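Student: Before anything else, here's the structure in question.
The values are calculated or read from the model by the stated rules, or taken from the named source; none is laboratory data. Fair warning: this is a prediction, and the values are worked out from it, not measured in the lab. With ideal geometry, Cβ positions are generated from the backbone for all residues, glycine too; neighbour counts draw on all protein chains shown. Calculation scope for accessible area: heavy atoms of the full protein, side chains included, ligands and nucleic acids excluded. Shrake-Rupley method; radii C 1.70, N 1.55, O 1.52, S 1.80 Å.
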Amino acid sequence: MSRTLAALLLASASIFITAPANVVFAETPAIAQQASATVHYRSVKIDGVNVFYREAGPADGPVVVLLHGFPTSSHMFRNLIPLLADRYRVIAPDYPGFGQSDAPDHTKFEYSFGHYADIVDTLLTKLGATKYSMYLMDYGAPVGYRLALKHPDRVAGMIVQNGNAYDEGVRDFWNPIRTYWKSGAKKDREALSVLVAPETTKFQYTDGVKDLTRMSPDNWVHDQALLDRPGNKDIQLDLFYDYRTNLPLYPQFQAFFRDRKPPTLIVWGKNDKIFPEEGAHPYLRDLPDAEFHLLDTGHFALEDKLDEMAPLIRGFLDRKIAK
């Protein structure tokens, strides 16, 4: 493990915070079997780039948009999609530079969260999705919340999983990235190369997971192969730098929560060091009626806690969205 990664992990050691009374530690029974569903794999050209997306479910069903995080893609939802698609129209895009979407050179294409929100907006418009619930994870949170600011009336509900919208959630792990935000210097940019290294990709999947036999190694092998494509490191470093533009929008995101009060389910891996538990609790200030569940896992909670999360997600959608 590199010295830089070791410093990142040391810096990110978090102090356990006692959960308030309204926090529920999910103990939902496991799903007996996975529903069958036909998933379609499609692409559409937006801003000259082929944007890949997975789609399943009835064309007239309530729309659920699944917005992925770093360093993965719509691949992270491959097991969840069939569990929703009998009743819901599920759409899961890959942002440019991720998954199966095109990855143009970073000097010729703007890799930013604002641009991603515009691209997802265009995709949903092309697909006729004018009302939708959003699953927001990691990078998917600022993409989705920017989308919500553009079209607040279109948001039917939110499922938040380790996706930040509060200053409390940007902690020590982010210090080296903050250094780059402040300086913009090449040396500080290159210091972040460790974040696209194989040991870090594996760390994101395994850290905080109690039973590693439930975590498929295919995940980090798949993601790393895409990160290792020529030019992709610079795409990711551009996005690390652009992430700074999300923080000044936090007050607007929070105002959207308070003003619109979308039905919200929070299912959060409490052992995550990247977007830690401290970023989950503040949602209850602005969304006091949110359903709140802390799960005993890490960053990619769907990978080892699908049996707990899927009933929570499905129950929430059935009660709040498809009622």
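Student: Read through the list (1) over 17 Å from the mean Cα position of the chain (by Cα); (2) assigned to a loop (DSSP other than H, G, I, E, B), then give the number of the only condition that ASN271 fails.
Tutor: (1)
Student: With the requirement that a residue be open to solvent by less than 60 Å² (accessible area, probe 1.4 Å) and acidic (Asp, Glu), what does the stretch 178-233 give you?
Tutor: Across the stretch 178-233, the qualifying residues are ASP188, ASP207, ASP223.
Student: Would you call LEU306 touching a Phe, Trp or Tyr at 6+ places or on another chain (Cβ under 7 Å) and not in a loop (DSSP other than H, G, I, E, B)?
Tutor: Here the answer is no, as LEU306 does not meet what is asked.
Student: Quick one: how many residues across the stretch 117-146 are small (Gly, Ala, Ser), outside any loop (DSSP other than H, G, I, E, B) and either open to solvent by 20 Å² or more (accessible area, probe 1.4 Å) or in contact (Cβ under 8 Å) with a residue 40 or more places away in the chain (or both)? Let's see the steps before the verdict.
Tutor: Restricting attention to the stretch 117-146, the residues satisfying the condition of being small (Gly, Ala, Ser) are 117, 128-129, 133, 140-141, 144.
Still in the list and also outside any loop (DSSP other than H, G, I, E, B): 117, 133, 140-141, 144.
Subsequent filtering for residues that are either open to solvent by 20 Å² or more (accessible area, probe 1.4 Å) or in contact (Cβ under 8 Å) with a residue 40 or more places away in the chain (or both) retains 133, 140-141, 144.
The qualifying residues number 4.
Table: residues versus (1) in contact (Cβ under 8 Å) with a residue 40 or more places away in the chain; (2) open to solvent by 20 Å² or more (accessible area, probe 1.4 Å); (3) not hydroxyl-bearing (Ser, Thr, Tyr).
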site: TYR250; (1), (2), (3): yes, no, no
site: PHE257; (1), (2), (3): yes, no, yes
site: PRO276; (1), (2), (3): yes, no, yes
site: ASP296; (1), (2), (3): yes, yes, yes
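Student: Is it the case that LEU149 is surrounded by fewer than 18 Cβ atoms within 10 Å (Cβ to Cβ), in a helix (DSSP H, G or I), under 18 Å from the mean Cα position of the chain (by Cα) and in contact (Cβ under 8 Å) with a residue 40 or more places away in the chain?
Tutor: yes
Student: Shifting gears a bit: For LYS202, state whether it is among the basic types (Lys, Arg), assigned to a helix (DSSP H, G or I), at negative phi and touching a helix residue (DSSP H, G or I) at 6+ places or on another chain (Cβ under 7 Å).
Tutor: In short, yes.
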